[in-house]
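Have a look at the structure below, then the notes.
The values are calculated or read from the model by the stated rules, or taken from the named source; none is laboratory data. From a predicted model like this one, the values you see are computed outputs, not experimental measurements. Note: ideal-geometry Cβ built from the backbone for every residue, glycine included; neighbour counts use all protein chains shown. Note: areas computed on protein heavy atoms with side chains; ligands, DNA, RNA excluded. Shrake-Rupley method; radii C 1.70, N 1.55, O 1.52, S 1.80 Å.
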Amino acid sequence: MARWALLFGNFVIGCGVMVVAGTLNDLLHDLRVSVQQGGHLIAIASLVMGIGAPVMAGMVGRMDRRRLLTITMTWYGVGHILCAVAPNYEWLLPFRALTVLSAAVFTPQAAAAMGFMSTPAHRGRAITFVFMGWSIASVAGMPMAAWIGEHFGWRTAMALVAAGGFLSAWAVHHSMPAGIKPPAISSRSWKKVFSSPMLIGLVAITALQSCGQFTILAYAAPYYKDGFGASTEQISLLFAWFGALALSGNLVLNQIIDKVGAPRAVTITLAMMAISLLVWPLATSVIGLAVVLIPWALGGFATNSGQQARMGGISPRLAPALLSLNTSAIYMGQAMGATGGGWLIARSGYTQLHWLALLWLALGCAISFQIWRVQDTMEQRRHARLAVPE
């Protein structure tokens with residue numbers, strides 16, 4: 001049952017991270033702030049999560065994971081209550097920044113704990129399973145946040161995330177075994193990671209794909225409304241459509257990743273996202289946009305799951321450091337994407353966003369392909385050495 005509790009925890013984390021983007025239209029109207037200020041709210045939260053993931057990983061490395069993850073989700077619940085009652089933008093900004101520290105801890109530590117509890121042969125599948133909560137959040141959480149935001153207000157959406165945080169804390173506490181302590185992150189582990197161009201390249205891939213996605217996703221609600229004339233219901237349906245495809249892509253990846261290998265899976269999913277952005281100008285209506293989104297949605301969250309498995313399978317001892325850096329890269333990429341997208345919107349509107357997003361994703365795909373080739377070569381050499389008789 002522990003893996004289901006961790007999956008649910010990632011679902012709540014995903015809902016909380018995406019709730020601002022999902023309710024952005026109502027939030028901007030209620031707090032009387034600009035689209036760029038809304039983007040700053042997303043960017044500062046992502047920046048805190050990006051910096052917090054590796055820093056917090058070092059601070060909590062020796063804690064029992066059941067206790068750590070229970071405290072983390074309780075903090076998430078309390079933080080979202082504070083956000084829901086924030087009187088204005090100036091109060092919401094610091095509340096939001098403090099709340100999302102939970103996301104910086106939960107996702108990498110849940111993945112590391114799940115990898116620690118799994119056998120090597122099933123480690124990739126176990127890690128992608130708990131990360132699937134993010135995909136489910138995109139299916140149910142973000143569309144519901146958009147609908148709730150438009151009909152009941154963004155504060156109600158925040159309060160519901162808070163309730164999910166408390167429920168997740170209870171589930172983790174009652175289902176995870178005590179005494180789960182993956183190897184603490186040592187200075188030697190950090191040194192190995194930062195001295196390896198290949199490992200840093202893997203982290204860069206995550207940052208680039210996250211940056212590419214959030215160049216558009218951070219502003220999806222107002223973009224769909226202003227750029228495509230989408231109604232409130234159509235925006236919710238587009239989020240649900242995107243999320244359903246994302247979940248499907250993750251389910252498929254979960255079944256095949258240990259067979260095809262994480263490097264190949266990640267490279268393919270990155271290419272799928274790039275294809276959507278390349279043909280983006282063909283979308284001239286809401287229906288056309290729904291069609292263009294298909295490759296991106298199928299690959300979007302699957303890429304993150306694949307990256308988690310790719311890093312978790314390299315070395316169990318390096319996994320906590322790598323996974324915390326990977327989480328940092330996800331959120332730093334979101335901050336970069338939201339900031340770059342806001343800058344571009346202020347100067348030329350929404351029409352050029354997809355080209356900037358495509359640039360980041362194409363670069364990530366190229367790096368992923370190159371590292372995949374290097375890993376294949378290293379694996380072939382290792383097999384060749386083992387085949388040589390004594």
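The apolar share of the surface of the chain, taken as the fraction of accessible area on carbon and sulfur atoms (1.4 Å probe, ligands and nucleic acids excluded), comes to 68 percent.
Ligands, DNA and RNA are left out, and with a 1.4 angstrom probe the accessible area of segment 275-357 is 33 Å² per residue.
Rg and Dmax over the alpha-carbon atoms of segment 125-265 stand at 19.0, 54 Å. In nm, to one decimal, how far is the modelled label at Gln37 from the one at Arg62, with both set 7 Å along Cα→Cβ? Going from the Gln37 label point to the Arg62 one covers 4.6 nm. Probing with 1.4 Å while keeping every protein chain in the model, the per residue accessible area of segment 186-249 equals 37 Å². Full extension of the chain between Trp355 and Ala163 gives 65.3 nm of extra length, using 0.36 nm per residue less the Cα-Cα distance.
Over segment 11-67, the fraction of Cα-Cα pairs per 10 Å bin, rounded to whole percents and listed from the shortest bin up, is 20, 38, 26, 13, 3.
Between Val279 and Thr232, the modelled label-to-label distance comes to 3.3 nm, taking each label 7 Å out from Cα in the direction of the beta carbon.
Considering only Ala204, Val374, Ala43, the residue lying farthest towards the positive end of the dipole of the chain is Val374, judged by Cα position with unit charges set on Cβ.
Over segment 55-160, what relative contact order in percent results from Cα pairs under 8 Å that are six or more residues apart? Relative contact order of segment 55-160: 29 percent. With coordinates expressed along the principal axes, the C-alpha atoms belonging to segment 28-114 extend over 44, 21, 19 Å, beginning with the largest. Dipole magnitude for the chain: computed about the Cα centre from +1 point charges on Lys and Arg Cβ and -1 point charges on Asp and Glu Cβ, it is near 1340 debye. Label positions at Ile51 and Asp30, each projected 7 Å from the Cα along the C-beta direction, are separated by 2.8 nm.
Helical runs assigned H by DSSP (4 residues or longer) give the chain a calculated mean residue ellipticity at 222 nm of -28500 deg cm²/dmol, each run adding -39500 (n - 2.57) before division by the residue total.
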